[in-house]
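Written below as structure tokens is the structure these notes are about.
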Amino acid sequence: MTLSLYNSLARKKEEFKSLVPNAVGMYVCGPTVYDRAHLGNARAVVVYDVLFRVLSALYPKVDYVRNITDVDDKINAAAKVNKEPISALTKRVTQWFHDDMAALNCLNPTHEPRATDHIKDMIAMIEKLIANGNAYVAENHVLFAVKTDSEYGKLSGRKAEEQEAGARIAVEKYKRDAGDFVLWKPADADDDASSMFDSPWGKGRPGWHIECSAMSSKLLGVNFDIHGGGADLKFPHHENEIAQSTCAHKGSHYANYWVHNGFLTVNGEKMSKSLGNFTTVRDLLDKGIKGEVIRYALLSTHYSKPLDWNEKLLSDSQKALDKFYRLVEEGLPPLPRTTQNPILDALADDMNTPKAIALLHENPSLIPQAAQLLGLFHENPKDWFMTPTEDAAAIQELINARNEAKAAKNFTEADRLRAELVALGVTIMDRPGGITEWRKG
Ligand code: AMP
Ligand code: ZN
């Protein structure tokens with residue numbers, strides 16, 4: 001079977017061919033661990049989790065690297081606000097990230113390098129860039145000189161100058177060109193010791209872009225198959241990764257296929273920390289919304305398109321999964337003996353998750369095939385329907401009121417309350433001894 005992917009570098013959908021037969025290497029930019037993951041961050045994780053699952057179905061060996069950025073300006077700033085050591089902050093937030101992504105049925109990547117464990121590799125790469133004439137030292141910073149890279153801009157189609165022009169901030173005077181970006185920066189006087197590292201240029205820390213270049217080449221080699229991340233990372237982050245890696249490793253081309261997921265939006269605007277329009281995965285899990293419902297919602301739209309988050313998307317996802325779990329509980333018709341795997345076919349076509357979901361609606365006997373590939377249907381149907389939901393307390397109150405109405409022989413009121421429960425999607429089961437059980441769906 002062939003896998004096709006939209007390659008942002010080629011600007012078209014291409015047939016995927018791995019560098020070596022039977023093995024694939026994929027790098028995806030991971031979280032900066034300073035706060036809870038929001039649903040936009042989760043979309044990126046879930047999308048590449050599906051790609052990892054599809055690759056694992058097609059190739060015997062898949063090396064999936066997703067880093068943890070645990071050294072970054074945002075982390076330093078958050079630790080100062082919280083008045084806590086950086087290491088305590090990054091450890092806690094990394095654990096939150098792991099817990100939240102596990103709740104969304106995301107598999108662990110094959111490797112999860114932490115930036116702080118690879119500072120030596122970053123320094124070695126920066127030294128190579130200086131030696132090759134692509135980087136220079138200025139006022140305790142090391143900067144990448146974009147003008148030395150004739151290929152700069154090939155991914156995003158944007159020019160180096162736009163890097164600063166978009167930011168509308170004064171260009172630091174130590175930069176030769178406005179578009180030059182930081183490879184190493186000096187520590188601030190009040191920085192926590194755990195975010196300061198010794199280097200040939202004094203105590204400081206690496207820039208964010210060099211982290212990914214160093215960790216990907218260390219774990220996957222200087223050329224590898226797939227690089228993924230959100231569309232917002234294309235420029236400057238990914239453009240800068242390509243520049244650093246290809247200039248440090250002469251003759252290399254870095255990643256062959258670049259995959260970018262579209263934004264998760266709220267009323268059409270990108271969900272982000274800075275706009276304040278975000279909902280964390282944990283906010284929803286704490287309300288009793290199941291991780292699978294969030295995951296289904298995130299996969300309901302093709303990964304490359306924007307996905308607008310709203311209550312209806314969530315309730316439609318809940319209803320669809322309730323329907324599928326009910327069918328599983330009732331017993332699915334057996335799938336005729338076949339080597340066909342239409343779900344894998346749909347996903348191998350540039351991860352067409354909406355098509356895979358549409359196929360399930362047409363033919364629910366494909367559910368077992370879809371479970372592993374989509375990372376859905378992992379629960380036992382009994383548990384699915386019995387788990388308390390957000391409105392469990394309200395439902396129990398309605399049931400109690402109905403039982404009281406029945407005891408008082410006020411059957412009109414009892415029927416009205418039953419109708420109200422049905423409208424909430426609740427099925428009630430009157431058991432002997434006056435006990436009422438209920439379930440959603
Ligand atoms: P950040 O924590 O902002 O560095 O983002 C971590 C990952 O989440 C990156 O791959 C981003 O591209 C991705 N991301 C952040 N916000 C969104 C969003 N609203 N929609 C989709 N992906 C996002
Ligand atoms: Zn990266």
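The values are calculated or read from the model by the stated rules, or taken from the named source; none is laboratory data. Model, not experiment: these values are computed from the prediction. Cβ atoms come from the backbone with ideal geometry, glycine included; neighbour counts cover every protein chain shown. Areas reflect the complete protein model, heavy atoms only, side chains present, ligands, DNA and RNA absent. Shrake-Rupley method; radii C 1.70, N 1.55, O 1.52, S 1.80 Å.
Annotations for the structure displayed:
- The chain: proportion of alpha-carbon pairs further apart than 26 angstrom, %: 62
- Seen from every direction in turn and averaged, the convex hull around the alpha carbons of the range 389-440 projects onto 3.3 nm².
- Report summary: the helix-based calculation at 222 nm, which adds -39500 (n - 2.57) for every DSSP H run with n ≥ 4 and divides by the residues of the chain, gives -12500 deg cm²/dmol.
- Across the chain, the relative contact order, built from alpha-carbon pairs under 8 Å that are at least six residues apart, equals 17 percent.
- Where labels lie 7 Å past Cα in the beta-carbon direction, separation of residue 170 and residue 319 in nm: 5.7
- FRET E, pair residue 77, residue 151, Förster distance 35 Å, beta-carbon r, rounded to 0.05: 0.55
- Percent RCO, i.e. relative contact order, over the range 389-440, from Cα pairs under 8 Å lying at least 6 residues apart: 25
- Using alpha-carbon coordinates, inclination of helix 353-362 to the longest axis of the chain, degrees: 20
- Accessible surface for the chain, divided over its residues, is 45 Å² per residue with a 1.4 Å probe.
- Exceeding the 19 Å Cα-Cα cut-off - candidates 218/250; 290/440; 17/128; 185/273: 17/128; 185/273
- Straight-line cross-link reach from residue 406 at under 16 Å between alpha-carbon atoms covers these aspartates and glutamates, not counting any fewer than eight positions away in the same chain: 397, 415, 420, 430, 437.
- Mean projected area of the Cα convex hull of the range 333-441, taken over all directions, amounts to 9.5 nm².
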